[in-house]
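One structure below.
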Amino acid sequence: MRVGVFICHCGNNIAGTVDVAKVAEAARMMPGVAFATTYMYTCSEPGQEEIKETIKREKLDRVVVAACSPRMHEVTFRRTVEKAGLNRYFFEMANIREHCSWIGEDKELNTNKAVEAIKLAVEKVKQNKPLFPAKFKINKRVLVIGGGVAGMQAALDCADGGLDVVLVEKSPSVGGMMARLDKTFPTVDCSICILGPKMVDVSQHEKINLYAYSEIEEIKGYVGNYQIKIRKKATYVDWSKCTGCGACIEKCPSRNAYDYFNFGVAPARAINIPFPQAIPKKAKIDAQFCRQFIKGKCGVCAKFCPVGAINYEMQDEIVTEDVGAIIVASGYGLINLDKLPEYGGGRYPDVISGIQYERILNASGPTSGHIERPSDHAEPKIIVFVSCAGSRDKSIGIPYCSNFCCMYIAKQAILTKDHIPDSQSYVFYMDIRAPGKGYDEFTRRAQEEYGAKYIRGRVSRIYPKGKKMVVKGADTLLGTTVEIEADLVVLATAATATPDARMLAEKLHISYDQNGFYVESHPKLRPVETNTSGVFLAGACQGPKDIPASVGQGSAAAAKVLSIFSKDTLESDPQIARVNTNVCVGCRKCIGTCPFGAIEEQQLRDGRIVANVIETVCAGCGICNSTCPCGAIQLQHFTDNQLLAEVNALCLT
């Protein structure tokens with residue numbers, strides 16, 4: 001066996017704190033190593049050509065590259081050795097950058113550790129066996145979860161690319177959070193005027209099948225072949241008959257229902273259409289507030305519906321769709337005001353959230369665009385905005401910035417002045433974070449042209465004083481305390497993951513961070529991909545982001561799906577678990593522990609029940625390998641013998 005070792009300088013990233021020449025010299029002395037050298041940038045095109053030429057010249061049958069993390073360039077080097085005639089799995093990568101050179105300044109210690117890392121890789125590559133991917137056909141349909149601006153953009157791009165799209169939205173209408181906005185920053189365009197045409201395009205596109213007021217029940221399968229169960233929640237209105245005329249809403253006697261679209265700014269009818277531009281524009285009954293469901297008698301909406309669309313007996317319906325890829329654009333949530341007691345959140349009616357104020361400003365909102373104080377419907381003259389209400393606050397478990405709050409506060413201060421020319425806006429802020437195109441100029445415009453007074457400091461307490469709300473805080477620039485008697489207080493509440501984000505992640509088999517946002521495969525190189533092949537991210541489900549970033553990610557995710565579907569077949573990763581049926585005792589422990597449902601029972605000819613791995617579903621996580629009590633399951637490319645060879649190299653030499 002002839003092993004070649006190539007050690008990368010990576011400029012000064014490795015060579016600055018690792019003696020690469022000494023490492024190469026030590027590698028030449030390792031058993032089985034026929035060739036060892038250093039190169040400035042092995043990932044460069046000349047570096048890859050050097051590896052290919054050396055494989056042929058030195059007749060190498062195994063290759064080790066000591067460089068950066070395998071997450072960066074393992075695929076690159078596997079492709080290189082394959083072009084030189086070797087099986088791509090006759091290659092190993094030793095991480096001597098992140099694991100050695102970047103973690104210490106002691107050159108001798110770093111060098112010794114780099115030698116040991118290469119020794120491990122050499123011993124493992126000598127145990128490697130040739131592996132070959134299998135090919136399978138794919139279903140060229142895509143599921144988009146979430147009908148906000150990111151999800152709609154992804155759906156339209158996929159549909160325009162010729163793919164059949166299944167779009168699932170849990171609300172009665174598409175549009176997401178953007179549909180609730182009055183204007184957008186920094187152009188102050190009408191939000192629904194921008195979004196409306198896109199919503200109509202989604203509803204009318206022949207390639208898009210929209211499931212509104214529906215949720216994902218179950219996901220099975222693998223990239224190219226997913227089976228999706230969708231729960232169509234009961235609306236108690238037959239949408240195939242409903243014309244959206246609104247007669248039922250006008251006659252409904254139950255007028256104290258919670259208005260989810262307006263975030264409870266004003267009560268709604270038990271049967272309603274979320275907003276005038278809703279897509280689909282169909283009525284829905286909220287059974288929690290409907291008298292027919294509470295008392296068993298009413299039926300007013302059924303009596304006045306001109307098309308007989310009301311159906312009190314309607315039940316949830318489960319439908320199944322087969323797709324090949326999934327785009328997750330499930331959006332974000334907002335922290336509950338009750339979690340901000342120091343600001344009077346949830347206790348004082350004149351302390352509201354930014355999204356509630358947005359609905360008050362909106363012409364289609366509960367006040368028809370007239371700014372009114374919730375307590376007595378009086379027009380407020382002094383409005384205080386509190387930024388970072390919950391954001392960047394470790395004490396409540398939200399240490400991150402919510403990204404867009406600084407900008408929408410500036411927008412709302414501008415709109416407030418437009419609505420009430422003699423009003424005065426105050427903004428308490430920690431830092432103004434406005435890095436986007438035209439963003440900083442926009443915040444300055446709010447101050448210089450519209451007279452918003454920005455106070456750098458935190459608010460410590462908000463309490464009532466007569467009809468006023470006293471906002472007590474600090475001005476850190478002047479070094480003084482500040483008290484403002486406000487008519488209305490608006491809290492820029494923190495953006496959070498949606499309440500069901502973790503549950504959906506488990507169904508999708510994707511990772512989420514400590515805050516509940518979904519984790520991308522690589523923050524820079526694969527920002528819309530996940531570690532589950534065929535599942536992509538778009539929009540604020542990955543983390544708080546504004547509209548342009550969400551739209552951009554929607555298009556990026558669609559491009560990734562179109563890239564996958566440009567082929568008729570895909571290759572499965574051969575680094576999967578395999579069962580030795582001669583050793584398996586059929587204990588079924590592996591079936592219960594597999595997070596991907598990739599293991600099933602199989603009956604052999606002799607009647608024995610053993611485990612069987614579904615190759616296309618297995619993700620190669622190795623949990624079954626460590627669970628199996630008799631060692632019947634081995635993870636290809638990471639077998640017990642391969643791992644023990646590394647341990648022996650480190651401990652026995």
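The values are calculated or read from the model by the stated rules, or taken from the named source; none is laboratory data. This structure is a prediction, so every number in the text was calculated from the model and none was measured. Counting neighbours? That spans all protein chains shown, and the Cβs are built from the backbone with ideal geometry, glycine included. Note: areas computed on protein heavy atoms with side chains; ligands, DNA, RNA excluded. Shrake-Rupley method; radii C 1.70, N 1.55, O 1.52, S 1.80 Å.
Multiply the residue separation of E313 and I294 by 0.36 nm, subtract the distance between their alpha-carbon atoms, and state the gained length in nm to one decimal. Each step should come with its number before you reach the end.
Working: separation 19, 0.36 × 19 = 6.84 nm, distance 1.40 nm.
The span from E313 to I294 would gain 5.4 nm if fully extended.
On the protein heavy atoms, probe 1.4 angstrom, tell me the percent of accessible surface of the chain carried by carbon and sulfur. List each step's numbers first, then the result.
Working: 14940 of 29770 Å².
Its accessible area is 50 percent carbon and sulfur atoms.
Over all alpha-carbon pairs of the chain, lay out the pair-distance distribution in 10 Å bins, whole %, shortest bin first.
The distribution over the chain is 3, 13, 19, 20, 18, 13, 9, 4, 1, 0, given as percents.
Using each residue's phi in region 117-126, evaluate 6.51 cos²θ - 1.76 cosθ + 1.60 at θ = phi - 60° and report the 3J(HN,Hα) Karplus result to the nearest Hz, with x for Gly and Pro.
Karplus values, whole Hz, x for Gly and Pro: 4, 5, 4, 4, 5, 5, 5, 5, 5, 5.
Please state the charge dipole magnitude for the chain, taken about the Cα centre, from unit charges on C-beta atoms (+1 on K and R, -1 on D and E), reported in debye and rounded to the nearest 20.
Details: 78 positive and 71 negative charges, 172 e Å.
That gives the chain a dipole magnitude of about 820 debye.
When the Debye formula is applied to the Cα atoms of region 52-97, each taken as the same point scatterer, what base-10 log of I(q)/I(0) results at q = 0.23 Å⁻¹?
-0.74
Leaving out ligands and nucleic acids, note down the accessible area per residue over region 202-287 with a 1.4 angstrom probe, in whole Å². Provide the component values of the computation, followed by the final result.
On the way: 3910 Å² over 86 residues.
Computed with neighbouring chains in place, this is 46 Å² per residue.
Taking the Cα centroid of region 225-256 and of region 583-602, what is the distance between the two, rounded to the nearest whole Å?
Cα centres, region 225-256 to region 583-602: 42 Å.
For region 229-323, count the residues as N, evaluate 2.2 N^0.38 Å, and divide the Cα radius of gyration by that value, please.
On the way: Rg = 13.6 Å, N = 95, 2.2 N^0.38 = 12.4 Å.
Here the Cα radius of gyration is 1.10 times the empirical estimate.
Report, by chain and number, residues whose modeled amide H sits under 5 Å from the one on V5, excluding near sequence neighbours (fewer than 5 apart, same chain).
The answer is F35, A36, T37, V64.
Pull up the cross-link candidates among the aspartates and glutamates for K107, meaning alpha carbon to alpha carbon under 19 Å and not fewer than 8 places away within one chain.
Within the straight-line cut-off, K107 pairs with D19, E25, E98, E116.
Which order do L337, L491, L562 take when ranked by solvent-accessible area (1.4 Å probe, heavy atoms of all protein chains), largest first? Each step should come with its number before you reach the end.
Numbers: L337 25, L491 0, L562 55 Å².
Reading off the accessible areas and sorting them downward yields L562, L337, L491.
Could you work out the pair-distance distribution P(r) of region 414-499 from its alpha-carbon pairs, with 10 angstrom bin width and percents rounded to whole numbers?
Percent of Cα pairs in each bin: 14, 41, 36, 9, 0.
Out of the DSSP beta bridges found with both residues in the chain, what percent are antiparallel (nearest 5)? Walk me through the numbers before you get to the answer.
On the way: 51 of 101 bridges.
The antiparallel fraction comes to roughly 50 percent.
Return the whole-Å distance between the Cα centroid of region 162-182 and the Cα centroid of region 514-529.
22
Beta carbons within 10 angstrom, averaged per residue: use that to sort the peptides 115-123, 520-528, 230-238, highest first. Don't skip to the end; give the middle numbers.
Details: 115-123: 22.6, 520-528: 14.6, 230-238: 19.3.
Highest mean packing first, the order is 115-123, 230-238, 520-528.
Quick one: 3J(HN,Hα) in Hz for region 268-280, Karplus 6.51/-1.76/1.60 with θ = phi - 60°, rounded, Gly and Pro as x.
Couplings: 10, 7, 5, 10, 7, 10, x, 7, x, 9, 4, 10, x Hz.
Given H placed 1.01 Å from N in the peptide plane, which residues other than close sequence neighbours of R141 have an amide H under 5 Å from its amide H?
It is G324, A325, by chain and number.
Working from the alpha-carbon coordinates of region 424-464, get Rg over Rh, Rh being the Kirkwood radius. Working shown, then result.
Working: Rg = 12.0 Å, Rh = 11.5 Å.
Reported Rg/Rh, Kirkwood definition of Rh: 1.05.
So, how do all the Cα-to-Cα distances of region 1-131 break down into 5 Å bins, in percent, from 0 on up?
2, 12, 24, 26, 20, 11, 4, 1
List every residue whose amide H lies under 5 Å from the amide H of K183, counting only residues 5 or more places away in sequence or on a different chain, with H placed 1.01 Å from N in the peptide plane.
Under 5 Å from the amide H of K183: S191.
Report the equivalent ellipsoid semi-axes for region 266-314 in whole Å, largest first, defined as the square roots of five times the eigenvalues of the gyration tensor built from alpha carbon atoms. Could you put the intermediate results ahead of the total?
Details: eigenvalues 71, 41, 16 Å².
Three semi-axes, in Å: 19, 14, 9.
Kindly report the accessible area of region 561-635 per residue (heavy atoms of protein chains, probe 1.4 Å, no ligands, DNA or RNA), in Å².
Working: 4000 Å² over 75 residues.
Result: 53 Å² per residue.
Calculated from DSSP H runs of 4 or more alone, at -39500 (n - 2.57) each and per residue, what is the 222 nm mean residue ellipticity of the chain, nearest 500? Walk me through the numbers before you get to the answer.
Values: 18 runs with 182 residues, N = 653.
Theoretical 222 nm ellipticity from helices: -8000 deg cm²/dmol.
Go through region 560-637 and name the GluC sites (Glu not before Pro) that are in a DSSP coil and have 12 or fewer other Cβ atoms within 10 Å of their Cβ. Don't jump to the answer; show the numbers that get you there.
Working: sites: E571, E600, E601, E615; in loops: E615.
For GluC sites (Glu not before Pro) across region 560-637 that sit outside H, G, I, E and B with at most 12 neighbouring Cβ atoms in 10 Å, the list is empty.
Can you compute 3J(HN,Hα) from phi for each residue in region 239-248, using the Karplus curve 6.51 cos²θ - 1.76 cosθ + 1.60 with θ = phi - 60°, rounded to whole Hz and x for Gly and Pro?
So the J values, rounded to whole Hz, are 5, 6, 9, 4, 9, x, 6, x, 4, 5.
Mind checking which lysines have their Cα closer than 18 Å to the Cα of K417? Skip sequence neighbours fewer than 8 apart in that chain.
Those lysines meeting the cut-off are K183, K381, K453.
Counting only heavy atoms of the protein chains, get the accessible area per residue of region 2-62 (1.4 Å probe) and round it to a whole Å² value.
Numbers: 2920 Å² over 61 residues.
Result: 48 Å² of accessible area for each residue.
Work out the charge dipole of region 52-188 with +1 on the Cβ of Lys and Arg and -1 on the Cβ of Asp and Glu about the Cα centre, then indicate which of N110, A84, V166 is farthest towards its positive end.
A84
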